[in-house]
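First the structure, in the form of structure tokens, and then the observations on it.
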Amino acid sequence: MMSQPTVPQLFWVEVAPFVVLCIWALAIILADLFLPAERRRVALPLGFLGVVLIAYLSIQAFEIPGNPFGGMLTLDTFAFFCIVVILVGGGLTILISPRYVQREHIPHGEYTALLLFAMLGMILLAVSNELITLLLSLEILSLSLYILTGIERHNPRSSEAALKYFLLGAFSTAFLIMGIAFLYGATGSTFLVTIAERLPAAGQQSALWVFVGFGLILAGFCFKLALAPLHMWAPDVYEGAPTPITAFIATGSKVAGFAALWHVVMSLADWQAMTQNTFYVLWIIAVFSMVIGNFAAIVQKNIKRLLAYSSIAHSGYILITILVIASVPAVRTNATQALLYYLMAYMLMNLLAFGVAIACGRKGDSNIEHYAGLARTSPLLAAAMALAMLSLTGVPPTVGFVGKFYIFSAAIQAGYLELAIIGLLASVVSAVYYLRVIVVMYMHEPSREAAETAREPVGAANSLALLVSSVMIILLGIFPFWFLGLK
Amino acid sequence: MLDYVWLVPFLPGCAALVIGLFGKWLRTRSGYVAIAAMLGTIVVSLGCFWDILHGKGPFTQHLFTWISVGEFKAEAALLVDQLSVVMLLVVSVVGSLVFIYSTGYMKGERGYARYFAQLSLFAFSMFLLVLADNFVLMFIGWEGVGLCSYLLIGYYMDKTWAADAGRKAFIVNRIGDFGFLLAIFLIFWTSGTLTFSGVFDQAPVIYKYGGGVVTAITLLLFMGAVGKSAQIPLFIWLPDAMAGPTPVSALIHAATMVTAGVYMVVRCNVLYSLAPTSMEIVAIIGAATAFIAASIGITQRDIKRVLAYSTISQLGYMFLALGVGAFAAGIFHIFTHAFFKGCLFLCAGCVIHAMAGDNDMFHMGGMRKQMKITWLTYFAATLAISGFPLTAGFFSKDEILWATFRSGHLILWLVGLVAAFMTAFYMFRSLFLTFHGESRAPEKIKAHIHEMPRSMTFPLVVLAFFSLVAGFFSIPKVLKGSAWFEHFLHPVTNRGAEILHELHVADPTPHVPELELLLMGASTLIVLLGIAAAYAVYIKGWPEIPKAWAQRFGVFYKLSFHKWWWDDLYNSTFVQGTIRLAKAAWQFDIFVIDGVINGTAFMVRSVASRLRKLQTGQLQAYGVGMLIGINLIVLLFLLTR
Amino acid sequence: MTSYMINNLVLSLAIFSIGIIGFLVKRNAIAILMAIELMLNAANLAFVTFAYSFASVDGTILVLFVITVATAEAAVGLAIFIRIYRSRGTIDVDKMTTLHG
């Protein structure tokens, strides 16, 4: 009797979000081909519908924890939270896009489909439990974002940003792949679970491979997360990319990256060879990012560049939780909660800021001086921007404050008092540049040209996005357990 | 009534929301909405006070769990005890009066509704701060009041200096808040909880008397207090904060928010009692601030700046009281100070209104004729702040000085006494310059001077009344009084002393009634001397001295009208040294402290622009940066293995 | 670790380093892309070597995926280069410094 090869059983519910998202994106590209030019605008609403659908399917899929695709994906609570954050972020990004896409003559169909593909990459990255899957989802994500960065075809800055993002991104991916090769070479497996199982048996030489491999993988993630000293691409790309895409790069890819990094770190953290000292490198990266991000942001004149540096600093704050998770098992639950909460907070604050930037941006101009007197000309937009800035500074009762509080208290519980102090000092410095935006909006006279030319209307979708994120910034700041109590 | 305490923050919070959302439609009615909410808080506060008075001990109301991580929980819970109920009364009463006053003062201003929304939001945050049952919630209120204060300082947003002032306040306060937050983390780290009762009950067990941890915690907390309550070296923001509308200065920058630091230290009196070093520092900083700010007050021309420096100086007194362990005296001074300083600021508002926006006292004079009520109320409040016998300020200030003396801080007592002299002098100087003598205003404005409407004078009268009589709440035992106020606060403010007693470190100094009376006499004398000096220079000398000098030195006479007072002061019998000191202190403020802050800013900027130069935009330059980073990561991994 | 493995891994690392150097010194975007391809192929060589030593197919399959990734990257990259060439007439990366600071 020949034994039948066992086909891994596939539960449709478990894989539905990923499969449907892929099909949905392809369908949008196809539909775009057949629709007459004036009806192509329907792509963005369709995309939003897709996100809602995926959200529903994800809730179904995560009903029971499982490991579809032969254990390559893991549907755990952590991944669920990350997917919620990514979907909220993706939905808001689609909502803030229409005006911009219209104004800059970006093809709707490609734009939406690529956005959905990038989201597919992100949610796969958040659930991947195996290095090949991780690499592939990272590539789906990155390739979509490279194209999206350069999608403003007539804008040379957009193309330049795409070129830099692409070349540096591919460069870092090469290191990541090399790292995976070493980890595979040391343990003979690409499954994170198996790697964790085999590590204790690893000999002296294998251990060396593991360290080098993990170092290279970490470097690859540092690039994706714009952590210093691998952050240098971020300001240029953020400035050159179309603003909604900047928002998406700044939020979605960071959430997904941190989710994947969490999975990798968790598989290695319990190996005895990894002492607390081993993760000292994370300490250094976090401090570098907080310091460089916050200091360099002070002299920026362009709002997108300013937010780029601020996002570097925020990555530094978030990395503190990874450090705690990796090195102090006792505080792991708290730090994980802090991580999840801060990812949500960070996403909301940034999308609000970028949403306002889109709503009051004009062609190719995102200078901060451009916001002078915004409080006079459009008080609601100014209030939203001020809220975003205050939340980024960490003023209660916004999400920014609660998030920082979670992170720093986790750090202190784990015994990293000095990190908390450096973080707090860094956020004092950050008050300087966040506040400047508020000062410019509220206390400077609007330029004559700005006062005379009527601003184009914000648009219903964008208004909705701004409203939703503002309300959530305050509500989740006052009732943080609403988010953490989701599951 | 205690069960309804949630209404206290809720009402102004709702008012802020309603005005914020429907301000355009409500317009001038928004003032009434805000006032109604504040009057509601008075009723609830009085009810709570009544219950507490009748022994319904500390009461905690849980609203909901705010943050919960592992074993750590931050509840949104309100705590009503003797201390918080006193603060509730102060904030709600003074707040309501300022709200009423504002309807007159802000009439016709642009953004009337916005003003009331922000003011209500301030009241909400202040109540939250006062009622908080744990450090985190307190910090929320703490930041909230700060935020509203910056918003209101920058109210006249078309003026750059107002914007700069708001920004300065924000950044200086961030420095203080940094300390506060760090202290919160330290407390959590060492005690595992953040509720007041939890921390204070454990404190004697987990913190060693005079130990490093508790000293660090208290000093960091004090750093927060120094920022918020404008003490040395972070006091520079308060005079600039006068750029905001005057009622805001009265409520936020005199009566309530700036006293939050004092309140916080009193709240933590258990911790402070365990840290004698911190207490000593608090006392010294308090005394130094009281002295330096008073000496600066002497030479100011702007009436609001005089009041600002006097606020700083009075806050210094409060910290002096706390530093020597007289926590109840500190709160009592908050209580009386809220009334007389609120009154003074509101009077100043009337005066400035009458002068069509001119703050310079040397353009005023003789205004008592046209503005009887304002003059009388200003007079009453000036008596109180100077510590004239039997007014509110007399009792509260004297209690502080007596406590300082009794605890053996003779030098600090002397400093406080001199500051009291200067206080009397500069306050009466401002009274005389503004309301007495001949008017120095330009004709056009002179004709315009008139008494203010009822909505503005009514709060003045109420506050002036309290400035005169509020002291009778706590007549010291030596004057056959009952020291009721101190007695009332005893359960809260004496906890630190009780703990020390259990630890056998406190040395209760014997009470000598005769000595207390003697000191009281001395400070009364000092105050009268100050008043007399001001009278001699500004009333007696006003027409004659300058004229006499003018005959002798024609040069001085030719000096511009705005300048001669300075020479007059210099050459009169007034102690020259004080003037020099005042100038030096003023210079110190401008050059050293501003210099330090600007210097730091400059350093930060130069680092930043250097970082910026690294970012050349050249692709491979970034590649090299990345390669260095990757090597660093891998190498570090291998090295720390 | 057998000698053939060491030889292969040394070769792989050498190719990887050549790729890094190429990335850093070349100014033509296409040459830079080729350098990146070199680095990816060095990783492939390492994968195959390890897979052979474990006698498992995992590593070989990984190589297929990496090749796919490299192809996709090349496609996207070339599209971007063409776009840049159309607008600026050059793909010299030294000329791409509009975004900086």
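Every number here is computed from the coordinates shown, using simple stated rules; none is lab data. In this text the structure is predicted, and so the values were computed from the model without any measurement. Using ideal geometry, Cβ is built from the backbone for each residue, glycine included, and neighbour counts are taken over all protein chains shown.
Remarks
- Cα-Cα separations in the protein assembly as shown greater than 48 Å, expressed as whole percent: 38
- Electrostatic bookkeeping for A:Leu307 treats Lys and Arg as +1 and Asp and Glu as -1; over the other residues with beta carbon under 14 Å from its beta carbon, the sum is +3.
- Debye, to nearest 20: dipole size of chain B, +1 on Lys, Arg Cβ, -1 on Asp, Glu Cβ: 2000
- Placing unit charges on each Cβ (+1 for Lys and Arg, -1 for Asp and Glu) gives the protein assembly as shown a dipole about its Cα centre, and among C:Leu64, C:Ile18, B:Met371 the Cα reaching farthest toward its positive end belongs to B:Met371.
- Most positive-pole-ward Cα, B:Ile292, B:Tyr155, B:Leu39, against dipole of chain B from beta carbon charges: B:Tyr155
- GNM on chain C, alpha-carbon springs under 10 angstrom: the most fluctuating residue among C:Ile91, C:Ile15, C:Ile80 is C:Ile80.
- Near A:Leu192: Cβ cut-off under 15 Å, other residues only, Lys/Arg at +1 and Asp/Glu at -1. The net charge is -4.
- Exposed GluC sites (Glu not before Pro) absent: longest stretch of chain B, with sites in DSSP loops and at most 14 other Cβ within 10 Å deemed exposed: B:110-437
- DSSP-assigned coil residues among trypsin sites (Lys or Arg not before Pro) in segment B:98-147, each with at most 15 further Cβ atoms within 10 Å: B:Lys107, B:Arg110
- Residue pairs exceeding 28 angstrom between C-alpha atoms, taken from B:Lys168/B:Lys397; B:Lys56/B:Lys477; A:Lys404/B:Lys56: B:Lys168/B:Lys397; A:Lys404/B:Lys56.
- The trypsin sites (Lys or Arg not before Pro) of segment A:283-376 meeting both criteria, a DSSP state outside H, G, I, E and B (loop) and at most 13 other C-beta atoms within 10 angstrom of the site's C-beta, are A:Lys301, A:Lys363.
- Under a model in which nothing but the beta-carbon of Lys, Arg (+1) and Asp, Glu (-1) is charged, the protein assembly as shown shows a dipole of about 3100 debye around its Cα centre.
- Charged-residue dipole, Cβ positions (Lys, Arg, Asp, Glu), chain C about Cα centre, Debye nearest 20: 440
- Counting only the Cα atoms, segment A:288-487 fills a convex hull of 109 Å³ per residue.
- Each other residue within a Cβ distance under 14 Å of A:Gly109 adds +1 if Lys or Arg and -1 if Asp or Glu, for a net charge of 0.
- Shown here for segment B:151-247: trypsin sites (Lys or Arg not before Pro) in loop regions (DSSP other than H, G, I, E, B) with at most 10 other Cβ atoms within 10 Å, of which there are none.
- Averaged over the residues of peptide B:99-111, the number of Cβ atoms from other protein chains lying within 10 Å of each residue's Cβ is 0.
- MRE, 222 nm, helices only [DSSP H, n ≥ 4, -39500 (n - 2.57), over chain A, to nearest 500]: -25000 deg cm²/dmol
- The residue among C:Leu78, C:Leu9, C:Ala35 whose Cα reaches farthest toward the positive pole of the charge dipole of chain C, with charges on the beta-carbon of Lys, Arg, Asp and Glu, is C:Leu78.
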